[in-house]
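This report refers to the structure that appears directly beneath it.
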Amino acid sequence: MDFSLGEELEAVRDLAREIFTDRATPERLREIETSGTRVDRKLWADLAAAGLLGTALPEEAGGAGLGTAALCVLLAEQGRCVAPVPIWPAVVAALAVDAHGSERQRGALLPVVADGTARPTLALEEFGPADPLAPLTTATADGDDWRLSGTKAVVPSPAGAGQVLVTATTEAGTGLFLVAADAAGVTWEHAETTSHDLAGQLTLDGALAEAVGAPGTGTVEWTVERAAVALAAVQLGVAEGALRHAAGYLGERRQFGRPLATFQAVQHQLADCWIDIEAMRVTLWQAVTALDDGEGAARAVLVAKWWATEGGLNVVHRVQHVHGGIGVDTDYPVHRHFLWGKQISTTLGGAGADLSRLGALLAREAVAS
């Protein structure tokens, strides 16, 4: 299986790397971390102007039509620089509307995401051990519309989002629903996360919403799988960026008259990081391929998600360790990679939850065969 990037994806990677490297400097990151929204709106506008926000979206909506693969390339470059822009929730929500929404919904949402003038966010998680595929939030039919009630946790970057794509359970099964972020019956409580993002606790009390696709037809599973792959792509970039910091630091730092990078114990730590990163990369692209082919996608996504959760967290832990005390100094950039890696490792469930879902899936497949 060939996971090399073609010309189009290489162009996306190179352009994204140039923009993120130039814009997401340590000085700029410190400035955004103390801002009211924690979102770099200037960088968001630059990404839109370069056409990067629309790379995964269809051409008729102003995008490039390159699909999930292009989104993952973009997100990996974002992760390398830990750039504070909410790409994954906005674009995954737009892709879900593109795949399952009505022509009116697609026409209203996709072009504004592609040109950066507006964005949605995703509400997939809830408090406690709730499975993202079995939300406790409920949706009740109200004529052609729906009424949502329940609480969503850790909604990413709600500040500035005009709509929220919410997962909820109906009598027919789980479904996706679009609700205005400021609709009646919607209340927000903001909280700072480990990665400095200002997330939101979303409480819905009979909030008016419209369905995206028909409930009970697999729309939630489709969306959660793409969200998991998107997070794995960000985590791959976070781990790569962390390892790059470690290589630079250890090559310059000297102990006992020679660079730290020449010590065998340090080399073993970095070798383990490299192995984990390569496993993350291979399983990510295997999942992307499976999503495109439609064969074994659920299994491949869970494997990629586990490697991003377990392997990614291991990498940022090791990198911080080999930096010594400077690794936790907030004036030194590597600490952000640890914070991002930690946050992503718990999003949509941690490594234990991933293994539990994978085991249940394999058991069902064994029974079915």
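The values are calculated or read from the model by the stated rules, or taken from the named source; none is laboratory data. Just so you know, these numbers come straight off a predicted model, no measurement behind them. Note that we place each Cβ from the backbone using ideal geometry, even for glycine, and neighbour counts take in every protein chain shown.
Descriptive notes on the structure:
- Residues of region 36-76 classified as among the polar types (S, T, N, Q) and surrounded by fewer than 20 Cβ atoms within 10 Å (Cβ to Cβ), total: 1
- Pairing residues of region 275-296 that are free of Cβ contacts under 8 Å to residues at least 60 places away in the same chain with residues that are not in a helix (DSSP H, G or I), at Cβ distances under 7 Å and at least 6 apart in sequence or on separate chains, gives A290/G296.
- Selected residue (only one of L284, L361, L270 is modelled with pLDDT of 95 or more and either surrounded by 13 or more Cβ atoms within 10 Å (Cβ to Cβ) or over 30 Å from R30 (Cβ atoms) (or both)): L284
- Selection within region 118-128 - out of contact with any Lys or Arg (no Cβ under 8 Å at 6 or more places or on another chain) and either of a type in the set (D, E) or without any contact (Cβ under 8 Å) to a residue 40 or more places away in the chain (or both): F127, G128
- Under the condition of being crowded, with 24+ Cβ neighbours inside 10 Å, in contact with a Ser or Thr (Cβ under 6 Å, 6 or more places away or on another chain) and farther than 24 Å from W188 by Cβ, the residues counted in region 77-128 number 0.
- Some residue of region 140-151 being surrounded by 23 or more Cβ atoms within 10 Å (Cβ to Cβ) and either assigned to a strand (DSSP E or B) or at pLDDT below 95 (or both): yes
- Comparison of A300, A304, A353, A290 shows that the only residue that is out of contact with any helix residue (DSSP H, G or I) (no Cβ under 6 Å at 6 or more places or on another chain), in the same structural domain as V238 (by TED's automatic domain parsing) and part of a helix (DSSP H, G or I) is A353.
Residue-wise test of (1) free of Cβ contacts under 8 Å to residues at least 60 places away in the same chain; (2) closer than 19 Å to W88 by Cα.
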| residue | (1), (2) |
| --- | --- |
| A134 | yes, no |
| G143 | yes, no |
| T151 | yes, no |
| G162 | yes, yes |
| E171 | yes, no |
| G185 | yes, no |
| A207 | no, no |
| V229 | no, yes |
| Y249 | no, no |
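- The single condition from (1) part of a helix (DSSP H, G or I); (2) under 20 Å from the mean Cα position of the chain (by Cα) that V39 fails is (1).
- Tally, over region 102-132, of residues that are farther than 12 Å from Q163 by Cβ and of a type in the set (K, R): 2
- The one condition from (1) in a helix (DSSP H, G or I); (2) buried (at least 17 other Cβ atoms within 10 Å of the Cβ) that E31 does not meet is (2).
- Here is the figure for region 159-190: residues that are surrounded by fewer than 18 Cβ atoms within 10 Å (Cβ to Cβ) and either among the aromatic types (F, W, Y) or touching a helix residue (DSSP H, G or I) at 6+ places or on another chain (Cβ under 9 Å) (or both) total 4.
- Taking the criterion of being assigned to a loop (DSSP other than H, G, I, E, B) and surrounded by fewer than 14 Cβ atoms within 10 Å (Cβ to Cβ), the residues of region 317-350 that qualify are D329, T330, D331.
- Members of region 159-171 that are at pLDDT below 95 and either in a strand (DSSP E or B) or touching a Leu at 6+ places or on another chain (Cβ under 7 Å) (or both): A159
- Whenever a residue of region 27-54 is more than 14 Å from V113 (Cα to Cα) and in the same structural domain as H190 (by TED's automatic domain parsing), it has no partner that is at pLDDT 95 or above and crowded, with 20+ Cβ neighbours inside 10 Å lying with C-beta atoms less than 9 angstrom away and at least six residues away or across chains.
- Candidate set: region 229-260, residues that are at pLDDT below 85 and surrounded by 19 or more Cβ atoms within 10 Å (Cβ to Cβ); chosen: the one farthest from G312 (Cα to Cα): L260
- When region 1-27 is limited to residues that are out of contact with any Asp or Glu (no Cβ under 7 Å at 6 or more places or on another chain) and surrounded by 17 or more Cβ atoms within 10 Å (Cβ to Cβ), the one that is farthest from D331 (Cα to Cα) turns out to be L9.
- Positions within region 191-200 being of a type outside the set (S, T, Y) and buried (at least 17 other Cβ atoms within 10 Å of the Cβ), in sequence order: H196, D197, L198, A199, G200
- Note on region 287-316: among residues that are among the polar types (S, T, N, Q) and closer than 19 Å to T223 by Cα, the one that is surrounded by the most Cβ atoms within 10 Å (Cβ to Cβ) is T309.
- Filter result for D131 (surrounded by fewer than 23 Cβ atoms within 10 Å (Cβ to Cβ) and in a strand (DSSP E or B)): no
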